[in-house]
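Asker: So that we are looking at the same thing, I have put the structure below in structure tokens.
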């Protein structure tokens, strides 16, 4: 039996109305391209209605659909990684469940990959009416990762085509707090971007509020860059120079003016603040070592049909 060419992985979280349209859209474009495929929905333990809808769609799609329910909410990366591990296809396409990405855009990823032979092809959305806060935040995070990892490193998107040998690397990669796009850049720099259309959400609001996006950005910085350590090194050196300067000024003032300035106490306080901050950062990285030793799972399957 020939191996399936593509697995389309869809992490599902509290979506209902968009799921059937998404499946039919995927089926239509894959049939037009005459490619063998499967659609793998991973329900991230978000809503009973989502799971019931997937059970109904499973009856429509039969052998083309596999549905998985996780034992608890592991987040989009955990659900996507589960789909990658369980996929039967040689190549994997990941797409969100909200229909913001039209399934027809899958054709662009496939055709672009066939021409470029890229290891990974990301769908890049056209500029949309995003709040200034999100635009500035996104630009800042991208700049941090470009500086930290270099060589054109990019955050990418959740709409992507992953070639077979990178899929194999992701399956054998074991790490707590795994962010798929960043791990991809550890294995290849042969990734490309193709512009795709973004639609309005068909079902509900985005699950990423500003608070969640800030938390996600901080986790990315802490777990995938050495920026906090570099920042503390810079602050420590700056504080040391400042303390030396204050000490010299204190000696000069004490000798020539005779007034007793309590700069020593100020220097002690500054030193203590830097030391405390450094201990906090070291604690974060020690926790990373602990997590890698414990090997906390990125997901756990409750039901697979």
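Asker: If you scan region 41-57, which residues turn out to be at negative phi and out of contact with any helix residue (DSSP H, G or I) (no Cβ under 7 Å at 6 or more places or on another chain)? Walk me through how you get there before you give the answer.
Answerer: Going residue by residue through region 41-57, those that are at negative phi are 41-44, 46-57.
Of everything in region 41-57, those that are at negative phi and out of contact with any helix residue (DSSP H, G or I) (no Cβ under 7 Å at 6 or more places or on another chain) turn out to be 46, 47, 48, 49, 50, 51, 52, 55, 56.
Asker: Somewhere in region 116-136, is a residue at pLDDT 90 or above, surrounded by fewer than 14 Cβ atoms within 10 Å (Cβ to Cβ) and part of a helix (DSSP H, G or I)?
Answerer: Yes; the residues of region 116-136 include at least one that is at pLDDT 90 or above, surrounded by fewer than 14 Cβ atoms within 10 Å (Cβ to Cβ) and part of a helix (DSSP H, G or I).
Asker: Another question, then. Just to be sure before I move on: is residue 55 in contact (Cβ under 8 Å) with a residue 40 or more places away in the chain, assigned to a helix (DSSP H, G or I) and closer than 13 Å to residue 304 by Cα in the structure I sent? Please lay out each step first, then the result.
Answerer: Numbers: in contact (Cβ under 8 Å) with a residue 40 or more places away in the chain: yes; assigned to a helix (DSSP H, G or I): yes; closer than 13 Å to residue 304 by Cα: yes.
Taking the combined requirement at face value, the residue satisfies it.
Asker: Additional query: If I filter region 66-88 for residues that are over 26 Å from the mean Cα position of the chain (by Cα), surrounded by fewer than 21 Cβ atoms within 10 Å (Cβ to Cβ) and part of a helix (DSSP H, G or I), do I get at least one hit? Reasoning before the result, please.
Answerer: Filtering region 66-88 for residues over 26 Å from the mean Cα position of the chain (by Cα) gives none.
So far as region 66-88 goes, no, none of its residues is over 26 Å from the mean Cα position of the chain (by Cα), surrounded by fewer than 21 Cβ atoms within 10 Å (Cβ to Cβ) and part of a helix (DSSP H, G or I).
Asker: Quick one: which residue in 61, 46 is surrounded by fewer than 21 Cβ atoms within 10 Å (Cβ to Cβ), at pLDDT below 95 and outside any helix (DSSP H, G or I)? Walk me through how you get there before you give the answer.
Answerer: Numbers: 61 fails: outside any helix (DSSP H, G or I).
Criteria check complete, one pass: 46.
Asker: With the condition kept exactly as written, say whether any residue in region 99-108 is touching a helix residue (DSSP H, G or I) at 6+ places or on another chain (Cβ under 9 Å), farther than 29 Å from residue 47 by Cα and buried (at least 20 other Cβ atoms within 10 Å of the Cβ).
Answerer: Checked against the condition, which is being touching a helix residue (DSSP H, G or I) at 6+ places or on another chain (Cβ under 9 Å), farther than 29 Å from residue 47 by Cα and buried (at least 20 other Cβ atoms within 10 Å of the Cβ), region 99-108 yields no hits at all.
Asker: Return yes when residue 161 is within 30 Å of residue 34 (Cα to Cα), at pLDDT 85 or above, surrounded by 12 or more Cβ atoms within 10 Å (Cβ to Cβ) and touching a strand residue (DSSP E or B) at 6+ places or on another chain (Cβ under 6 Å) and no when it is not. Write out each step before concluding.
Answerer: Numbers: within 30 Å of residue 34 (Cα to Cα): yes; at pLDDT 85 or above: yes; surrounded by 12 or more Cβ atoms within 10 Å (Cβ to Cβ): yes; touching a strand residue (DSSP E or B) at 6+ places or on another chain (Cβ under 6 Å): yes.
For residue 161, the condition - within 30 Å of residue 34 (Cα to Cα), at pLDDT 85 or above, surrounded by 12 or more Cβ atoms within 10 Å (Cβ to Cβ) and touching a strand residue (DSSP E or B) at 6+ places or on another chain (Cβ under 6 Å) - is met.
The values are calculated or read from the model by the stated rules, or taken from the named source; none is laboratory data. Computed from a predicted structure; not experimentally measured. Quick reminder, even Gly has a Cβ in these numbers, built from the backbone with ideal geometry, and neighbours come from all protein chains shown.
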